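Chemist: Dropping a structure here in structure tokens format, bear with me for questions.
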Amino acid sequence: MSHPREGHDTKKLPPAPQSRHVRHPVLRWALLIIGLAATIFGIIGIFLPLVPTVPLLLLAAACFARSSERFHTWLIEHRHFGPLIRDYLKGSGIPRRAKVSAITLVWLTIPPSALFIVPVLWVKILLFAVAAGISLYLLRLPTRTDSHNSNP
């Protein structure tokens with residue numbers, strides 16, 4: 001039987017080893033549920049521009065890596081989502097379009113919420129700090145060039 005990753009340029013990207021799985025059943029189920037929710041919202045993000053797809057799929061992959069080898073392998077090997085996650089895990093980065101979209105949406109959604117909806121000053125400051133933190137994190141990630149031409 002051939003390995004499911006054959007044919008992919010994964011630079012020795014192994015499946016999530018069983019030893020890295022969380023042993024506590026409640027925490028394992030929590031990670032699995034968070035991973036499934038992140039996957040669902042990531043899929044919704046394909047159709048709704050306010051929902052960031054790539055960060056949610058990365059969160060799902062991280063949760064599945066610690067909770068379910070089956071779901072982790074499914075996500076990593078997925079025809080559309082897999083290339084985004086594999087490139088990130090290999091250090092190739094995320095597509096420029098995804099990076100720009102995520103940062104733009106952060107700044108189009110968080111400041112109006114902070115300024116016009118949230119009445120408490122410290123929460124407003126916290127929201128701006130979160131937006132800045134997300135932006136800095138995304139800017140520091142490697143940007144994948146179009147030469148990879150993975151199907152996102």
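Chemist: Against the condition buried (at least 16 other Cβ atoms within 10 Å of the Cβ) and either more than 19 Å from LEU136 (Cβ to Cβ) or among the β-branched types (Val, Ile, Thr) (or both), how does PHE41 come out, does it pass? Steps first, please.
Modeler: Values: buried (at least 16 other Cβ atoms within 10 Å of the Cβ): yes; either more than 19 Å from LEU136 (Cβ to Cβ) or among the β-branched types (Val, Ile, Thr) (or both): yes.
In short, yes.
Chemist: Residue by residue through the stretch 89-129, note down the ones that are of a type in the set (A, V, I, L, M), over 20 Å from LEU57 (Cβ atoms) and in a helix (DSSP H, G or I).
Modeler: Taking the stretch 89-129 first, the residues of a type in the set (A, V, I, L, M) are 89, 94, 98, 100, 102-103, 105-106, 108, 110, 114-115, 117-118, 120-121, 123, 125-127, 129.
Cutting the leftovers down to over 20 Å from LEU57 (Cβ atoms) gives us 108, 110, 114-115, 117-118, 120-121, 123, 125-127, 129.
Passing the criteria: LEU108, ILE110, ALA114, LEU115, LEU121, VAL123, ILE125, LEU126, LEU127, ALA129.
Chemist: Could you tell me whether the stretch 72-82 includes any residue that is surrounded by fewer than 21 Cβ atoms within 10 Å (Cβ to Cβ) and at positive phi?
Modeler: Looking through the stretch 72-82, none of the residues is surrounded by fewer than 21 Cβ atoms within 10 Å (Cβ to Cβ) and at positive phi.
Chemist: With the condition kept exactly as written, say whether any residue in the stretch 54-71 is loosely packed, with under 15 Cβ neighbours inside 10 Å and within 28 Å of LEU36 (Cβ to Cβ). Give the derivation first.
Modeler: Initially, the stretch 54-71 is screened for residues loosely packed, with under 15 Cβ neighbours inside 10 Å, giving 70.
So of that shortlist, the ones also within 28 Å of LEU36 (Cβ to Cβ) come out as 70.
Checked against the condition, which is being loosely packed, with under 15 Cβ neighbours inside 10 Å and within 28 Å of LEU36 (Cβ to Cβ), the stretch 54-71 yields at least one hit.
Chemist: For the stretch 121-140, name all the residues that are surrounded by 10 or more Cβ atoms within 10 Å (Cβ to Cβ), without any contact (Cβ under 8 Å) to a residue 24 or more places away in the chain, farther than 21 Å from LEU48 by Cβ and not aromatic (Phe, Trp, Tyr). Let's see the steps before the verdict.
Modeler: Within the stretch 121-140, the first condition is being surrounded by 10 or more Cβ atoms within 10 Å (Cβ to Cβ), and the residues that meet it are 123-139.
From what is left, the residues that are without any contact (Cβ under 8 Å) to a residue 24 or more places away in the chain are 123-130, 132-133, 136-137.
Cutting the leftovers down to farther than 21 Å from LEU48 by Cβ gives us 123-126, 128-129, 132-133, 136-137.
Of everything in the stretch 121-140, those that are surrounded by 10 or more Cβ atoms within 10 Å (Cβ to Cβ), without any contact (Cβ under 8 Å) to a residue 24 or more places away in the chain, farther than 21 Å from LEU48 by Cβ and not aromatic (Phe, Trp, Tyr) turn out to be VAL123, LYS124, ILE125, LEU126, ALA129, ALA132, GLY133, LEU136.
Chemist: Would you tally the residues in the stretch 29-53 being farther than 25 Å from LEU105 by Cβ and in contact (Cβ under 8 Å) with a residue 40 or more places away in the chain?
Modeler: The qualifying residues number 0.
Let's see how each residue does on (1) at pLDDT 85 or above; (2) within 12 Å of LEU141 (Cα to Cα); (3) among the acidic types (Asp, Glu):
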| position | (1), (2), (3) |
| --- | --- |
| ASP87 | no, yes, yes |
| GLY91 | no, yes, no |
| ARG96 | yes, yes, no |
| TRP107 | yes, no, no |
| PHE116 | yes, no, no |
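Chemist: Any residue in the stretch 54-82 that is under 22 Å from LEU27 (Cβ atoms) sitting within a Cβ distance under 6 Å of a residue that is β-branched (Val, Ile, Thr) and not in a helix (DSSP H, G or I)? List the pairs, counting only those 6 or more apart or interchain.
Modeler: ARG66/VAL22
The values are calculated or read from the model by the stated rules, or taken from the named source; none is laboratory data. Owing to the predicted nature of the structure, the values given are computational and were not obtained by experimental measurement. Every residue, glycine as well, gets a Cβ built from its backbone with ideal geometry; the counts of neighbours run over all protein chains shown.
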